[in-house]
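The values are calculated or read from the model by the stated rules, or taken from the named source; none is laboratory data. Bear in mind that the values here come from a model prediction, so they are computed numbers and not experimental data. Here the Cβ positions follow ideal geometry from the backbone for every residue, glycine too, while neighbour counts run over all protein chains shown. Note: accessible area is taken over every heavy atom of the protein model, side chains too, but ligands, DNA and RNA are not part of it. Shrake-Rupley method; radii C 1.70, N 1.55, O 1.52, S 1.80 Å.
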Amino acid sequence: MTRKMKKATSPAEAAGIIGEARKKGLSVGLVPTMGALHEGHLSLVRMSLGRSGFTAVSLFVNPKQFGAGEDLGRYPRTEDQDSKLLEELGVDLLFMPPADSLYSDADRTTVSVRELGDRLCGSSRPGHFDGVMLVVAKLFNIIRPDFAFFGQKDAQQAVVIQRMAADLDFHVRIFLGPTVREDDGLAMSSRNRYLTAKERALAPAMRKGLLESADAIRKGERDAKKVTGIVTARMKEAGFEIDYAELVDGATLIPLDKAEGTVLLAAAGKLGTTRLIDNMALRISPEGVSETLLEFPEWSRYER
Ligand code: AMP
């Protein structure tokens, strides 16, 4: 039997329900999403259910993280189906705030993570990470989670959130889940449904290019330009308009000349009108090269 999932639309209602869970001594896990849920989201929900006494999922298409001319208006919304999936999994609370319960014209505060938010996706999506940080900071304050779960798929987002949480002393431990993929390697994304059949067939080239770049590193290539040149070439062949293909430090996101330490190999580009991103984190040492998840040790300063 599935337990009844609670639903809240106002922040006060959500905070009240969380307060009840806290009184019962339950730990609280939060999985923030923009809905149109797929297996990538659900894998994070399962991580939270496994670790937390009480799991809250937020579903909010955050207008502040979309730039002018981006896809806010056509972003897929499948709320009834999302709600059903989450209830079946055993989620405790679905928080679906309307935009005017989080934002008002009186708002004046921004949350900006210098430098980290300007690199990679930040350079072609100015203001995007400020929008993400604002809503994540608000969600952290409303839900006050012990744990929050994000996908490696959006590695830069996870790095920026972790920095914001550490800088602002949110007592939350950030966990990353591995990127969940379609059978042909394409990273699952709510935006994949925008692809035409032809584009969908070409889209896995980004993942294939990243795998080839990683293979070159495994075989001893350390020159970042040569490594990123491989994925760039594969994406161009498939017809991507390339936004970036970069090898950056896994903690600072600073571009590297040489592949060493924990690195993030990340790419973004457009197929037709659809912007796709993907990445691989690699640990490179004299002993070898292994794929990894980015790790965030900062939370441990609040371990009780
Ligand atoms: P979104 O709804 O796109 O804002 O994503 C909500 C959360 O799900 C973020 O933490 C994403 O990184 C994560 N996510 C999205 N796609 C995937 C995927 N294919 N695999 C794992 N996590 C994902």
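Residues checked against (1) among the β-branched types (Val, Ile, Thr); (2) more than 23 Å from GLY229 (Cβ to Cβ); (3) surrounded by 22 or more Cβ atoms within 10 Å (Cβ to Cβ):
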| site | (1), (2), (3) |
| --- | --- |
| VAL159 | yes, yes, yes |
| LEU186 | no, no, no |
| TYR194 | no, yes, no |
| LYS198 | no, yes, no |
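Only a single criterion out of (1) within 22 Å of LEU293 (Cα to Cα); (2) within 13 Å of the ligand (Cβ to nearest atom) is not satisfied by HIS128, namely (1).
Counting just the residues of segment 50-65 that are in contact (Cβ under 8 Å) with a residue 40 or more places away in the chain and buried (at least 18 other Cβ atoms within 10 Å of the Cβ), which one comes out farthest from the ligand (Cβ to nearest atom)? Give the derivation first.
Initial filter on segment 50-65 (in contact (Cβ under 8 Å) with a residue 40 or more places away in the chain): 51-52, 56, 58, 60, 62-65.
Checking which are buried (at least 18 other Cβ atoms within 10 Å of the Cβ) leaves us with 52, 56, 58, 60, 62, 64-65.
Values: SER52: 16, ALA56: 14, SER58: 9, PHE60: 9, ASN62: 8, LYS64: 13, GLN65: 9 Å.
Top of the filtered list is SER52.
Only one entry of GLN157, GLN162 meets the criterion of being within 24 Å of LEU72 (Cα to Cα) and out of contact with any Lys or Arg (no Cβ under 9 Å at 6 or more places or on another chain), and that entry is GLN157. One residue stands out among those in segment 14-32 that are within 26 Å of the chain's Cα centre (by Cα) and not aliphatic (A, V, I, L, M): the one that is nearest to the ligand (Cβ to nearest atom), which is PRO32. Screening ARG301 against (1) in contact with a helix residue (DSSP H, G or I) (Cβ under 9 Å, 6 or more places away or on another chain); (2) modelled with pLDDT under 95; (3) assigned to a loop (DSSP other than H, G, I, E, B) leaves a single unmet condition, (3). Only residues that are open to solvent by less than 50 Å² (accessible area, probe 1.4 Å), assigned to a helix (DSSP H, G or I) and farther than 21 Å from THR292 by Cα were counted across segment 206-244, and they come to 5.
Just give me the residues in segment 116-137 being touching a helix residue (DSSP H, G or I) at 6+ places or on another chain (Cβ under 9 Å) and part of a loop (DSSP other than H, G, I, E, B), in sequence order. Even if it seems obvious, please write down each step before you answer.
Narrowing segment 116-137 to residues touching a helix residue (DSSP H, G or I) at 6+ places or on another chain (Cβ under 9 Å): 116-122, 125, 127-137.
Selection gives LEU116, GLY117, ASP118, ARG119, LEU120, ARG125, GLY127.
Of the residues making up segment 270-289, those that are over 21 Å from ILE230 (Cβ atoms) and surrounded by fewer than 18 Cβ atoms within 10 Å (Cβ to Cβ) are GLY272, THR273, SER285, PRO286, GLU287.
Quick one: how many residues across segment 282-304 are within 26 Å of ASP169 (Cβ to Cβ) and aliphatic (A, V, I, L, M)? Don't jump to the end; show me each part of the working.
Of all residues in segment 282-304, those within 26 Å of ASP169 (Cβ to Cβ) come to 293-304.
Right, trim to aliphatic (A, V, I, L, M) and you get 293-294.
So the count comes out to 2.
Just name the residue that is most open to solvent (accessible area, probe 1.4 Å) out of those in segment 66-84 that are hydrophobic (A, V, I, L, M, F, W, C) and within 14 Å of the ligand (Cβ to nearest atom). Only one residue tops the list, namely LEU72.
Listed by first and then second residue, the pairs with beta-carbon distance under 8 Å, at least 6 apart or on different chains, first residue in segment 183-201 and closer than 14 Å to LYS270 by Cα, second hydroxyl-bearing (Ser, Thr, Tyr) and part of a strand (DSSP E or B), are ARG191/THR274; ASN192/THR274; TYR194/THR274; LEU195/THR274; GLU199/THR274. Of all residues in segment 264-304, those being over 17 Å from ARG207 (Cβ atoms) and aliphatic (A, V, I, L, M) number 3. Inspect all residues belonging to segment 101-119 and state whether any of them is under 26 Å from GLU20 (Cβ atoms) and open to solvent by 50 Å² or more (accessible area, probe 1.4 Å). No, segment 101-119 has no match at all. For beta carbons closer than 9 Å, sequence separation of 6+ or different chains, a first residue in segment 139-151 that is over 9 Å from VAL31 (Cβ atoms) and a second that is among the aromatic types (Phe, Trp, Tyr) and buried (at least 23 other Cβ atoms within 10 Å of the Cβ), the qualifying pairs are LEU139/PHE95; ILE142/PHE95; ILE143/PHE95.
In the set ARG193, ARG283, ARG200, which member is modelled with pLDDT of 95 or more and in contact with a helix residue (DSSP H, G or I) (Cβ under 9 Å, 6 or more places away or on another chain)? None of the others qualify; the one that does is ARG200.
Taking segment 176-203 as the range and being more than 15 Å from ARG275 (Cβ to Cβ), more than 19 Å from the chain's Cα centre (by Cα) and not basic (Lys, Arg) as the test, the residues that pass are ASP183, ASP184, ALA197, ALA201.
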